[in-house]
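The next block holds one structure in the form of structure tokens; read it before the comments.
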Amino acid sequence: MRVFDTHAHLLDEAFDEDRFELIGSLPEKGITCVMEACCDEKGIDRVIDLVARVPFFYGSAGVHPHSADEWNNGTADHIRNALKQEKMLAVGEIGLDYHYDFSPRDIQKKVLDEQLSIAGELGVPVILHDREAHGDMMDLLRAHKNGLKGIMHCFSGSYEIARECLDLGLYIAFGGALTFKNAVRPIEVVQKLPSDRLLIETDCPYMTPVPYRGKRNDPSFILLTLKKMAEVREEDEEELAEKLYRNALDVYGIPKDR
Ligand code: NI
């Protein structure tokens, strides 16, 4: 079995003590591909460096809504140049977060709009973060729908919202929250979605699945989310893993023989 963790943050300080030891242990556990999601401008060069060091890692470049107010005159070109590098495949993670509101909402919207334009111009996928900002998020995505591709990450919305995302050409990724006791709505959505648009991810070090909630998450815990997804969809775990893997190759534009 091979599993693709489509959204992880191994550069987080939570991994400072054992980063490369942990990364080295992943392939034997079946985690054979990982997308390292960038969070802010100073992370861009660190992601480039990481994916150059680790053959089974890919990277994104982008500014998270939490850091939107750090956007400056050079940021757009920094992202464009990063995406010229081999294995740098997506603009992300980008979006809107009206739960924490760490950056003013008008700036969050402007920075998302600009990054959607960059992705469109370069023809690369986006990795989207939407927390309590659904109306504005969908408005911006609709404005950029020509050529839009990418992932709605850590999905927790309703089936109706998921359908809108599918209509815009997006894939939908689920993480550890699927295993939580109160995960009634995400389970319902996972059951109804077509298998060719589903993805799994960890968002590690956050969103640790049951029974390890409260501990640091890492890509190997994705197997618990996979198990849960297979269970609720009544599918064979290995077959589902393979489908999800191919979906990940598709959305990130990675050659099929990888
Ligand atoms: Ni993330």
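Just so it is clear, none of the values below were taken in a lab; they were calculated from the coordinates. None of the values given here were measured: they were computed from a predicted structure. Here Cβ is always computed from backbone atoms with ideal geometry, including for glycine, and neighbour counts include all displayed protein chains.
Taking neighbour counts of Cβ atoms within 10 Å as a proxy for exposure, in what order, fewest first, do 20, 57, 4 appear? Going from least to most buried by this count: 20, 57, 4.
If you take the alpha carbon atoms of the stretch 1-81 and fit the smallest convex hull around them, that volume is 92 Å³ per residue. Would you please classify the overall shape of the stretch 67-164 from the alpha carbon gyration tensor, given that a ≥ b ≥ c denote the square roots of the eigenvalues, rounded means a/c under 1.5, and beyond that prolate means a/b larger than b/c while oblate covers the rest? Oblate, because a/c is 1.5 or more while a/b does not exceed b/c. Cross-link partners among lysines for residue 215, C-alpha distance below 22 Å, same-chain residues fewer than 8 apart left out? List returned: 29, 181, 227, 228.
The DSSP beta bridges internal to the chain are antiparallel in roughly 0% of cases.
Quote the charge dipole size of the chain about the Cα centre in Debye, to the nearest 20; the model charges only the Cβ of Lys and Arg (+1) and of Asp and Glu (-1).
Values: 31 positive and 46 negative charges, 90 e Å.
Taking the Cα centre of the chain as origin, the dipole is about 440 debye.
So what is the relative contact order of the chain, in percent, for Cα pairs below 8 Å that sit 6 or more residues apart? List each step's numbers first, then the result.
Working: 506 pairs, mean separation 47.8, N = 258.
In percent, rounded to a whole number, it is 19.
Tell me, in nm to one decimal, what length is gained between residue 139 and residue 86 on full extension, where the rule is 0.36 nm per residue of separation less the Cα-Cα distance? Write out the running numbers ahead of the final one.
Details: separation 53, 0.36 × 53 = 19.08 nm, distance 3.19 nm.
The residue 139-residue 86 span can extend by a further 15.9 nm.
Taking every C-alpha pair closer than 8 Å and separated by at least 6 residues, the mean separation divided by the residue count of the stretch 183-238 gives a relative contact order of 30 percent. Tell me which lysines have Cα within less than 22 Å of residue 145's Cα, excluding those fewer than 8 residues away on the same chain? Within the straight-line cut-off, residue 145 pairs with 109, 110.
Counting only residues at least eight positions apart within a chain, or on another chain, the aspartates and glutamates with an alpha carbon under 13 Å from that of residue 256 are 242. Among 38, 165, a tally of other beta-carbon atoms within 10 Å of each Cβ gives an order, fewest to most, of 165, 38. Counting only the Cα atoms, the chain fills a convex hull of 118 Å³ per residue. Here the label points at residue 146 and residue 159, each 7 Å from Cα along the C-beta direction, are separated by 3.4 nm in the simple model. Projected label points at residue 166 and residue 40, each 7 Å from Cα along the beta carbon direction, are separated by 3.8 nanometres. Residues 174, 221, arranged from fewest to most other Cβ atoms within 10 angstrom of their Cβ, appear as 221, 174.
Residue separation times 0.36 nm, minus the C-alpha to C-alpha distance between residue 212 and residue 21: what's the value?
On the way: separation 191, 0.36 × 191 = 68.76 nm, distance 2.02 nm.
Gain on stretching residue 212 to residue 21: 66.7 nm.
Spin-label model, residue 70 to residue 110: label points 7 Å out along the Cα-to-beta-carbon direction sit 1.8 nm apart. Helix content alone sets the calculated 222 nm mean residue ellipticity of the chain: runs of n ≥ 4 DSSP H residues at -39500 (n - 2.57) each, divided across all residues, give -12000 deg cm²/dmol. Using the Cβ atoms and a cut-off under 14 Å, what net charge is assigned to the surroundings of residue 182, where Lys and Arg are +1 and Asp and Glu are -1? Cβ neighbours under 14 Å give a net charge of +3.
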